[in-house]
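Beneath this line is the structure, given in structure tokens, with notes to follow.
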Amino acid sequence: MIEFKNVTFSYDKKKNVIKDVTFTLNDGECAILLGPNGVGKTTILRCILGELKPTSGTVLINNKDNKGLKNKDLSKAISFVPQNINGTDLTVSETILLGRLPSFDLFPKREDYIALNDVLNEFSLNEIKDKNTFEISGGEKQKVAIARAYIQNTSTIIFDEPTSNLDIKAQVMIASLIKKITKENKRSTLISMHDINLALSLADKLILLKDEQIYKITTPKEITSEDLETIYGIKTTIKEIDGRKVVIYE
Amino acid sequence: MAALIILFIASIFIGTSGMSFLDGLKALFRIGDETNIIIIYNIRLPRILAAIIAGIALAISGTIMQTVSNNDMASPSTLGVSNAAVLGANIAIIILGGGIISSHGGIVDISNPYVVAIFAFGFALLATLLVLGLAHFKKFRPSTTILIGVAMGTFFTGLTTIIQYFANDTTLSSAIYWSFGDLGRASYDTLLILLIPTALSLIFFVIFSYRYNALLLGDDSAKTLGINLKLFRFISLLLASMLCGLTVSLFGIIGFIGLLAPQIMKRLVGNDHKILIITSALFGAVVLLLCDILAKTILGGLSLPVGAITSIIGAPIFIVILLTRGKKHD
């Protein structure tokens, strides 16, 4: 569980990047941060990961203040899938195996290789397991990054815009993986995202951000076109098709 | 490994003394002419071992520098370490008179090599701590740290030039002679000084090879894998710089090994550091040993400084690598 309590952050103490932000990510929940560029989505993620220290407020990870957490402790609670996935010049297997680093510390043990095989099967990555990560597609790179975060076996996985650089097919594939992780494997996921329709299909909770603050915390069922107009400044219509809400841009 | 063994054996029998293969073989078993035995055991073997150890030191130093700084162009001398060592040596030779050149029967020598080496290493250590200290307190990114190192290197070179400008002919010759990378200065004592830190650093780098692999994922990901990035980078850069500083202090500047070994091995074996570090180390040893054989044989009876050979051979190879490098490395 992550509790983000009255967190304000500024680089120079003059202009806040986020201001008095409060929300909770419960166990097994998928929460998605929505809002235009520069609203502070990535800053929120970086505060949770301990890369940025809040100017005020606290971030609790499993009831512990993340200020006092060492990287080692953090690595056992949270795994992270970045927006830009580097090619590593390692094979897919070697890259995924790094997710077990917090467990094996120096060299992988038998159980780490067993976990690797399980994940390769579960994520259907066996065909490309020996390929260099420079040689695989953007969607496959994202899949490998998710598999690496998944094998880390943390209760929470954080995604920074996981679908932003992908084609439609890869977006659908990544969305179904995230759904599987949250719904089947009961991991908590916190995602920053631009694609509203994808967010509506994935999220249990939507955290809408405007002017560096939380405008509203809502759900896919309750979100309105007025909410979207307020945070993005665009007119939309929300329709329900086969029980799912779909946003149509005007 | 096979290449290293072949070159090792070949090097025993190659030199400028004109010793025949048979005399060399006898001397190896401590039979025959005493002078030949001294040449084999006191000159050639230390020189061969120096090539192997210095090659390993420079190669692993370059590999770690490139990974930790996330910069393929980084090399052991990137933090200005070599330039600082040269400045230290120049101060010892020119200002403190620690190394007057002497010539006996064509053999050129520095009269007080230990003082010069200590000064060179002291300055290398100082430069390393200065750059890493600045990086730590000002929270520089790795790429900025490298740029600071380059700037500091230029600064040290400027100071060296000024000191050399006011030197007399003899001390200037000594200082310039010292800066030539030359494995002929090796003795068993100096080898031990380099061997211990090289072996310990190699063990450290291999033990933490999975952490170096994790650095390839980027800082955000590496941090969430439990790595204390600042501390790990600091220790890695410190060890890599020390290896470079020690090598330069003992043998002068030997260029390109630290840049070339990781570049070539990355293309051959990939970036998995548990393999890359070992193969780069072997490659560094092979190349330096090969260059030393060339240095001893290329002009017949005259032995050239190996630092010149590594640069002359290394630079064109490096340019070819840059021109033919795969798209993935651009």
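FYI, it's all coordinate maths here, none of it is from the lab. Treat the numbers as computed from the prediction; the structure is a model and nothing was measured. Here Cβ is always computed from backbone atoms with ideal geometry, including for glycine, and neighbour counts include all displayed protein chains.
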Check your understanding: Angle, helix B:306-324 long axis vs. longest principal axis of chain B, Cα atoms, 0 to 90°, nearest 10?
Key -> 40
Practice item. Take the Cα of A:ASN86, step 7 Å along the line toward its Cβ, and report every residue of region A:118-139 whose backbone nitrogen sits under 19 Å from that point. Key: A:132-139
Exercise for review: Per DSSP H run of at least 4 residues, take -39500 (n - 2.57); add these up for chain A, divide by its residues and hand me the 222 nm value, nearest 500 deg cm²/dmol.
Suggested key: -9000 deg cm²/dmol
**Study point:** Mean shadow area of region A:25-143, taken as a quarter of the surface of its Cα convex hull (nm²)
**Key:** 9.3
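Quick one, what does Rg over Rh come out to for chain A if you take C-alpha atoms and the Kirkwood Rh?
Working: Rg = 18.4 Å, Rh = 18.9 Å.
Over the Cα atoms of chain A, Rg/Rh equals 0.97.
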**Study point:** Span per principal axis, largest first, for the Cα atoms of region A:132-250 (Å)
**Key:** 46, 33, 28
Exercise for review: Ratio to report: Rg/Rh of region A:107-197, with Cα atoms as the point set and Rh obtained by the Kirkwood method; give two decimals.
Suggested key: 0.96
Revision key, fill the gap. With R₀ set to 56 angstrom, the calculated FRET efficiency between the beta-carbons of B:ILE5 and A:ASN197, to the nearest 0.05, is 0.30
Practice item. Please determine, in degrees from 0 to 90 and to the nearest 10, the orientation of helix B:45-68 with respect to the longest principal axis defined by the Cα atoms of chain B, where the helix direction is its Cα long axis. Key: 10
Review point. For the residue pair B:HIS136 and A:PHE104, what label-to-label distance in nm results when each label sits 7 Å from Cα along the Cα-to-beta-carbon direction?
Key: 3.1
Revision key, fill the gap. The simple spin-label model distance between B:ILE312 and B:LEU129, using points 7 Å out along Cα→Cβ, in nm, is 3.9
**Study point:** Coil-residue chymotrypsin sites (Phe, Trp or Tyr not before Pro) of region B:156-252, DSSP, other Cβ within 10 Å capped at 13
**Key:** B:PHE166
Review point. To the nearest 0.05, how large is the calculated FRET efficiency for B:LEU192 and A:GLU51 if R₀ is 45 Å and r is the Cβ-Cβ distance?
Key: 0.55
Revision key, fill the gap. With +1 at each Lys and Arg Cβ and -1 at each Asp and Glu Cβ, the charge dipole magnitude of region B:2-329 around its Cα centre, to the nearest 20 debye, comes out at 1120
Review point. If you put +1 on each Lys and Arg Cβ and -1 on each Asp and Glu Cβ, how big is the dipole of region A:113-186 around its Cα centre, in Debye rounded to 20?
Key: 200
Check your understanding: Going toward the positive end of the dipole of chain A, with +1 on Lys and Arg Cβ and -1 on Asp and Glu Cβ, which of A:VAL92, A:GLN152, A:SER56 do you reach last?
Key -> A:SER56
Review point. If one computes the Cα centroid of region A:221-239 and of region A:8-51, what distance in Å separates the two points?
Key: 21
Practice item. Report the longest stretch of chain B that contains none of the trypsin sites (Lys or Arg not before Pro) sitting in a DSSP loop with at most 11 other Cβ atoms within 10 Å. Key: B:140-330
Point to revise | the protein assembly as shown: Rg to Rh, with Rh as the Kirkwood radius over Cα pairs | key: 1.09
**Study point:** Cα centre as origin, Lys/Arg/Asp/Glu Cβ charges: the protein assembly as shown dipole, Debye
**Key:** 700
Point to revise | Listed residue (B:LEU250, B:PHE8, B:LEU132) projecting farthest to the positive dipole end of region B:2-329, Cβ model | key: B:LEU132
Study note, to complete from the structure: When chain B is treated as a Gaussian network with springs between alpha carbons less than 10 Å apart, the largest mean-square fluctuation among B:THR279, B:THR190, B:THR161 is found at B:THR161
**Study point:** Top of A:ILE231, A:ILE168, A:ILE32 by mean-square fluctuation, Gaussian network on chain A, Cα under 10 Å
**Key:** A:ILE168
Check your understanding: Expressed in nm to one decimal, what extension gain is obtained for the pair A:ASN63 and A:ILE168 from 0.36 nm per residue of sequence separation less their Cα-Cα distance?
Key -> 34.0 nm
Practice item. May I ask you to compute the full-extension gain from A:THR224 to A:GLU122, defined as 0.36 nm times their residue separation minus their alpha-carbon distance, rounded to one decimal in nm? Key: 33.1 nm
Revision key, fill the gap. One can check that the equivalent ellipsoid of region B:2-329, built from the alpha-carbon gyration tensor with semi-axes equal to the square roots of five times its eigenvalues, has lengths in Å, largest first, of 34, 25, 16
Review point. How big is the gap, in Å, between the Cα center of region B:21-69 and the Cα center of region B:267-328?
Key: 17
Study note, to complete from the structure: Percent antiparallel among DSSP beta bridges confined to the protein assembly as shown, nearest 5, equals 60
